[in-house]
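Data block below; observations after.
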Amino acid sequence: QVQLVESGGGLVQAGGSLRLSCAFSGRTFRSYAMGWFRQAPEKKREFVAAINRSGGTTYYADSVKGRFTLSRDNAKNTVYLQMSSLKPEDTAKYYCAATPGYSYYDTSDFGSWGQGTQVTVSS
């Protein structure tokens, strides 16, 4: 089965940058669309970004568009979320997710999840 391990979270000042990584194993990486979600305390888990199998199509939540960039390296079985111009409201636990399907926007579309990595943005 699919295993996902996020890394790269931490504490950063507002306006700073951070890059999250998600390592995929257990299945054929190129057969899975990948997504990033985040969840702050007392809030629902929300969509951040997603990328299709080949990496040719990406989708972003309006709240992060222009600031975050999602990419994948199919040779390394890894996806990256480059975050810049970070804001305190970006503070959340960030989760990597994978799906072999062709719908990859809602949390229910994804059957495999990582453990999450905490991102905290200070004022």
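The values are calculated or read from the model by the stated rules, or taken from the named source; none is laboratory data. In this text, all values refer to a predicted model and were calculated from it rather than measured experimentally. Don't worry about glycine lacking a Cβ; one is built from the backbone with ideal geometry, like all the others, and counts go over all protein chains shown. Accessible surface areas use protein heavy atoms only, side chains included; no ligands, DNA or RNA. Shrake-Rupley method; radii C 1.70, N 1.55, O 1.52, S 1.80 Å.
Each peptide in 96-108, 72-84, 27-39, 52-64 gets a packing score, the mean of other Cβ atoms within 10 Å over its residues, and the list from highest to lowest is 27-39, 72-84, 96-108, 52-64. Accessible surface of the chain, 1.4 Å probe: 45 percent of it comes from carbon and sulfur atoms.
Over every pair of different alpha-carbon atoms in the chain, take the mean of 1/r and invert it; report that Kirkwood radius in Å.
14.2 Å
In the chain, a dipole from Cβ-located charges (positive for Lys and Arg, negative for Asp and Glu) runs towards its positive end, and of Asn74, Ser84, Thr117 it is Asn74 whose Cα lies farthest in that direction. Accessible area per residue for the chain, computed on protein heavy atoms with a 1.4 Å probe, is 51 Å².
Taking all Cα pairs closer than 8 Å and separated by 6 or more residues, the relative contact order of the chain comes to 36 percent. In order along segment 91-101, phi translates into HN-Hα couplings of 4, 4, 8, 9, 10, 8, 9, 9, 9, x, x Hz, rounded to whole numbers, per the Karplus curve 6.51 cos²θ - 1.76 cosθ + 1.60 with θ = phi - 60° and x for Gly and Pro.
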